[in-house]
Amino acid sequence: MRRANIVGAVYLRRGNEMTETSSGEFTSFVTPESSGERLTFDGCDVHVVRHDAGTQREAHTHGEEHIIFIRSGTMRWGVDGETRETTPGDTIVTPADVPHSWEVIGDDPAFVVCVTAPPESESQPGEI
């Protein structure tokens with residue numbers, strides 16, 4: 001674990017539980033085995049998230065910009081009326097206040113990294 005001058009809180013996922021740590025520790029390298037964490041820096045949040053196979057989120061909006069990097073798994077993303085199947089290496093950009101949705105397709109979970117700017121005040125750790 002590394003330490004950083006983090007504004008707000010760091011949340012680490014241990015199994016199915018997301019816990020807050022005030023130590024400022026975070027993982028420098030995220031691997032497919034990493035289960036998830038959320039870091040809030042001065043200008044953005046970084047969410048490392050696992051979505052189980054079959055999970056989905058209906059169309060919704062946020063007041064923040066999102067940049068999502070697909071690490072593993074296959075997802076169907078919809079952004080502002082356009083829908084695409086995404087696989088590892090793909091990047092999805094959802095501007096503020098633009099409707100977007102997602103669904104994990106296939107039998108495997110999807111792991112994503114989501115950068116949100118500015119930090120989301122109302123999101124739960126590990127949510128996108």
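The values are calculated or read from the model by the stated rules, or taken from the named source; none is laboratory data. What you see is a predicted model; the values in this text were computed from it and never measured. So basically every Cβ, Gly included, is an ideal-geometry build from the backbone, and we count neighbours across all protein chains shown. Side chains are part of the model used for accessible areas, which takes the heavy atoms of the whole protein and leaves out ligands, DNA and RNA. Shrake-Rupley method; radii C 1.70, N 1.55, O 1.52, S 1.80 Å.
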- Considering the stretch 46-76, residues that are among the acidic types (D, E) and more than 16 Å from P88 (Cα to Cα), and then whichever is farthest from the chain's Cα centre (by Cα), we arrive at E58
- Name, by its number, the condition in (1) assigned to a strand (DSSP E or B); (2) within 10 Å of H66 (Cβ to Cβ); (3) more than 12 Å from the chain's Cα centre (by Cα) that does not hold for C114. (3)
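Residues checked against (1) modelled with pLDDT under 90; (2) in contact with a Pro (Cβ under 6 Å, 6 or more places away or on another chain); (3) not polar (S, T, N, Q):
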| position | (1), (2), (3) |
| --- | --- |
| D45 | yes, yes, yes |
| A53 | no, yes, yes |
| H60 | no, no, yes |
| I70 | no, yes, yes |
| R76 | no, no, yes |
| V79 | no, no, yes |
| E82 | no, no, yes |
| E85 | no, no, yes |
| I92 | no, no, yes |
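Report the residue count in the stretch 71-80 for those that are within 18 Å of R50 (Cβ to Cβ) and open to solvent by 50 Å² or more (accessible area, probe 1.4 Å).
The total comes to 2.
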- Within the stretch 81-104, work out how many residues are part of a strand (DSSP E or B), free of Cβ contacts under 8 Å to residues at least 40 places away in the same chain and either of a type in the set (A, V, I, L, M) or under 11 Å from H51 (Cα atoms) (or both). 2
- Item | Count of the stretch 36-79 residues which are more than 15 Å from E103 (Cα to Cα) and either in a loop (DSSP other than H, G, I, E, B) or aromatic (F, W, Y) (or both) | 9
